[in-house]
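One structure below.
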There are 2 protein chains.
Amino acid sequence: MDTKTRIGIVGYGNLGKGVESAISQNDDLTLTAVFTRRNPAELKVHSGVPVLPLDDIESYVNDIDVLILCGGSKNDLPEQGPALSKLFNTVDSFDTHAKIPEYFEAVDASAKPNGKTAIISVGWDPGLFSINRLYGESILPEGATYTFWGKGLSQGHSDAVRRIKGVKGAVQYTIPVEAAVDKVRSGSQPELSTREKHTRECFVVLEEGADAAQVEQAIVTMPDYFADYDTTVNFISEAQLKEEHAAMPHGGFVIRSGKTGESNNQVMEFSLTLESNPEFTSSVLVAYARAAYKMNKNGETGARTVFDVAPGLLSPKSAHELRKELL
Amino acid sequence: MDTKTRIGIVGYGNLGKGVESAISQNDDLTLTAVFTRRNPAELKVHSGVPVLPLDDIESYVNDIDVLILCGGSKNDLPEQGPALSKLFNTVDSFDTHAKIPEYFEAVDASAKPNGKTAIISVGWDPGLFSINRLYGESILPEGATYTFWGKGLSQGHSDAVRRIKGVKGAVQYTIPVEAAVDKVRSGSQPELSTREKHTRECFVVLEEGADAAQVEQAIVTMPDYFADYDTTVNFISEAQLKEEHAAMPHGGFVIRSGKTGESNNQVMEFSLTLESNPEFTSSVLVAYARAAYKMNKNGETGARTVFDVAPGLLSPKSAHELRKELL
């Protein structure tokens, strides 16, 4: 490797820490700095790189090849994506599915006139799962696509439970229904309701004096989050929550079931089994940071998604090596 | 859809028939003609398109946007790939892994100076499996990749059995060893020998008077093909061979098992369960034919592989639709 691609991290939560760790697994990449809105003096990063105030980031345009934006989709990225892609090549994990078209346009309007490349919505869903939905329907146009999530910890649903009065702490697991998965894998293309695809399991710590029955009722009837699912609620102690539910596993499947010829069933499946959801998402972000820099050097500027990135761009290997070793 | 992309097929075996059928599943594509080295008058094609002598193909350069080469990797493609990519955009399923770099250079030398785009080695292995090996090692650089094939009918191994003296007919199935697959899925990254990964099962029809024990011995000791595997040989009647072993199922798995962070196991898996191996390969070829034409219109000429093709190019949908519907 001649020159390493220089990466900057914006935001140092679970995702930022995961990116830092993933960069250390890639010899062709190097971490330049972590940028934060917190007081940099109070932030200690594992790799020992400089921690700098986000407000000063403009001074570093010549020191960083790609910025990985590790903030949240709700409050951070809608502002940071468009602002930072004016100055840097960027990669982010914007995951509010319904707002992706709008976010794409905003980032494109920033990146393109400034000659920057910004890959948005990178991770596993949106991300690798999206790619597999696309491969599935493009290769088997007559068929049905099924996405199952879990077993895994859902941050959004855990947060929703925590907001209920009387709840001190909580985690929520999304669990695919095995019978439904098996039916899909068989090639039978079943129609499945929301309730038939996933169940939800909550582990809840109550505030002192809270009414368990009331809390349970508030959970299972919560519209959008739980009302359409079979939900189990387990009450546990604070100690149990810490000991048994601190990990962040996740995963899932994308299955495309189609027919070809007279009536042959063809099933494609992509699945993930992750012990750490944020660390895996970070690893995907880092591979796409490599691609963003290559695309920028090739003159491909503006906003992009995983659909626009040729697989070979993710690898540190040359096209010749890839053909020889992996094809 | 305004104008349909016009496809030509070269060669009308299992793969050519599968391509014809797959084109009929895609509204934005149309089949123009089938080219053959046989006597066109004797070839009846399902869709009723013109069947033309391969020798006349030069007259059709203005009538076809992409040619799909459906010949074999041993004798047909090494000649047809370089010859036809001088005149047409092409897609083929060249699958002699060891010779891919050499074949790529030969096709590139034809296609590039003539402004044509030629995507080689398209299908599922090489093809979709290769892409998943690449995604796996790029996203999880610390880990191991495992490819399992089957349960499926292997043409090469069936042919090898048929060449043995005393064998009238035969099929061979490659079967992944379930215990090995489970070990890999667990994230333990085992080292597996050839024998530990797959078993082989043969169904053989003997010539009259042939010695079963001798045939069995010839099979199980055959170097490269069977000697390194646990092989089962079943003798059956010709009627049984026709009734029970006429289908061409196949499939397999690519599993990447890696570690991130302190020591979290992350497992990515891509699998195929195919009732018709040639029809599925054909479906992949057709999606890449769409991509080849788009790339050619974008000025991307020369030889390419699946590693060079952004996923979005495989779809008839616009980039905007893809972001909205599939991301």
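The values are calculated or read from the model by the stated rules, or taken from the named source; none is laboratory data. Keep in mind that what you see is a predicted model, and the values were worked out from it rather than measured. Note: ideal-geometry Cβ built from the backbone for every residue, glycine included; neighbour counts use all protein chains shown.
Numbers for the structure displayed
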item	result
Qualifying residue in segment B:299-310 (condition: surrounded by fewer than 24 Cβ atoms within 10 Å (Cβ to Cβ), at negative phi and of a type in the set (Lys, Arg))	no
Some residue of segment A:53-63 being over 26 Å from B:Gly261 (Cα atoms) and surrounded by 14 or more Cβ atoms within 10 Å (Cβ to Cβ)	yes
Residue within segment B:270-279 that is more than 10 Å from chain A (Cβ to nearest Cβ), touching a residue at least 12 places away in the same chain (Cβ under 8 Å) and crowded, with 18+ Cβ neighbours inside 10 Å present	no
Residue in segment B:297-317 that is more than 7 Å from chain A (Cβ to nearest Cβ) and in contact with a Leu (Cβ under 7 Å, 6 or more places away or on another chain) present	no
Selected residue (only one of A:Pro113, A:Pro101, A:Pro126 is surrounded by fewer than 23 Cβ atoms within 10 Å (Cβ to Cβ), under 30 Å from A:Glu269 (Cα atoms), modelled with pLDDT of 95 or more and of a type outside the set (Asp, Glu))	A:Pro101
Leading residue by the ranking (nearest to the other protein chains (Cβ to nearest Cβ)) among those in segment B:216-261 that are among the hydroxyl-bearing types (Ser, Thr, Tyr) and under 30 Å from A:Asn26 (Cα atoms)	B:Thr260
Residues satisfying the stated conditions in segment B:136-145, i.e. surrounded by 23 or more Cβ atoms within 10 Å (Cβ to Cβ) and either in contact with a helix residue (DSSP H, G or I) (Cβ under 8 Å, 6 or more places away or on another chain) or more than 13 Å from chain A (Cβ to nearest Cβ) (or both)	B:Ser138, B:Ile139, B:Leu140
Within segment A:84-164, helices (runs of 4 or more DSSP H) holding 1 or more residues that are free of Cβ contacts under 8 Å to residues at least 12 places away in the same chain and more than 30 Å from A:His245 (Cβ to Cβ)	A:100-111, A:128-139
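For (1) more than 17 Å from B:Glu262 (Cβ to Cβ); (2) away from chain B (no Cβ under 14 Å), each residue gets a yes or a no:
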{"residue": "A:Thr5", "(1), (2)": "yes, no"}
{"residue": "A:Leu15", "(1), (2)": "no, no"}
{"residue": "A:Ile23", "(1), (2)": "no, no"}
{"residue": "A:Thr30", "(1), (2)": "yes, yes"}
{"residue": "A:Val34", "(1), (2)": "yes, yes"}
{"residue": "A:Ser47", "(1), (2)": "no, no"}
{"residue": "A:Pro50", "(1), (2)": "yes, yes"}
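A quick yes/no check of all residues on (1) under 25 Å from the mean Cα position of the chain (by Cα); (2) part of a strand (DSSP E or B); (3) polar (S, T, N, Q); (4) modelled with pLDDT under 95:
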| site | (1), (2), (3), (4) |
| --- | --- |
| A:Glu196 | yes, no, no, no |
| A:Ala210 | no, no, no, no |
| A:Glu216 | no, no, no, no |
| A:Ile219 | no, no, no, no |
| A:Pro223 | yes, no, no, yes |
| A:Phe226 | yes, no, no, no |
| A:Asn234 | no, yes, yes, no |
| A:Ala239 | no, no, no, no |
| A:Ile255 | yes, yes, no, no |
